[in-house]
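Before any comments, here is the structure.
What follows draws every value from the coordinates through simple rules; no lab data is involved. As the structure is a prediction and not an experimental result, all values here were calculated from the model. All Cβ positions, even for glycine, are placed from backbone atoms using ideal geometry, and neighbour counts span all protein chains on display.
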Amino acid sequence: MSTYVHGCTKDNYHIIKLDKTWEKILLSARAIAAIDHPTDVYAVGSRPFTQRAVLKFANYTGTTAMAGRFTPGTFTNQKQSCFREPRLLIVSDPISDHQAVYEANSVNVPLIAFCNTDTPISRVDIVIPCNNKSTHSIAVVWWLLAREVRRIRGEDTRLHQWSVLPDLFLYRDPNEEEQNAEEVDDTRLEPVLPGADIEAAETWGVEPTMPVGSLGDMGIAAAGYGPVGGTAGGWSNLDADPTETW
């Protein structure tokens with residue numbers, strides 16, 4: 001992998017040459033588009049943060065996705081019900097997907113792999129250098145590969161931007177989504193004016209300032225809620241008979 005490394009930072013992090021990554025993406029896209037039947041191309045991803053990208057890639061390119069645990073003997077044991085004969089294999093990480101890499105090498109299936117700077121590439125035919133341990137990096141590379149495959153096949157054109165965003169290939173942690181939902185609920189429960197002091201005990205304990213006797217002027221009895229009789233001086237007499245009709 002030294003040919004794909006530009007240099008090293010002070011913190012001992014290797015910098016990958018992006019021009020090499022782009023060249024390998026184009027080469028891999030040509031190899032995938034050259035297969036007559038897209039379903040004979042298998043995309044493998046066993047890690048949780050790669051499974052969504054693998055499924056999306058297979059959906060938009062018509063290939064076959066194998067997300068999750070890889071069953072040993074899928075490519076070599078013909079007695080298994082899940083036996084498959086791929087013409088091309090794409091893996092997210094040769095280390096975590098070592099069983100698929102070993103079986104593909106045993107039956108002479110060409111292999112495309114996303115490789116980090118510490119990944120063994122002895123059994124890989126086409127190396128795509130990238131950070132395959134990052135959720136964002138692996139999602140973007142799968143998205144770029146799917147876009148180039150569609151463009152080479154003629155399904156999309158380079159004159160227009162692909163309507164599918166890389167966010168659809170990005171892994172979403174269920175725990176983080178639940179935490180974000182709880183934070184949103186907490187913000188909704190906060191008062192509109194957080195600086196205002198609402199003292200319910202002092203406000204509700206104040207005695208009424210309107211004298212009881214003045215209720216008669218409003219047409220309300222002082223001892224109840226019935227109409228007040230003989231309140232001619234008030235502005236509202238509820239017991240007065242109507243003198244006009246509609």
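Scanning segment 144-168 for residues that are of a type in the set (S, T, N, Q) and either within 11 Å of Tyr60 (Cα to Cα) or surrounded by 14 or more Cβ atoms within 10 Å (Cβ to Cβ) (or both) turns up nothing. Applying the criterion of being outside any loop (DSSP other than H, G, I, E, B) and within 12 Å of Tyr4 (Cα to Cα) to the residues of segment 117-131, the residue that is farthest from the chain's Cα centre (by Cα) is Val127.
The residues of segment 152-177 that are touching a Lys or Arg at 6+ places or on another chain (Cβ under 9 Å) and either free of Cβ contacts under 8 Å to residues at least 24 places away in the same chain or part of a loop (DSSP other than H, G, I, E, B) (or both), listed by number, are Asp156, Thr157, Arg158, Trp162, Val164, Leu170, Tyr171, Arg172.
Only one of the listed residues (Gly62, Gly45) is touching an Asp or Glu at 6+ places or on another chain (Cβ under 8 Å), surrounded by 14 or more Cβ atoms within 10 Å (Cβ to Cβ) and not hydroxyl-bearing (Ser, Thr, Tyr). That residue is Gly45.
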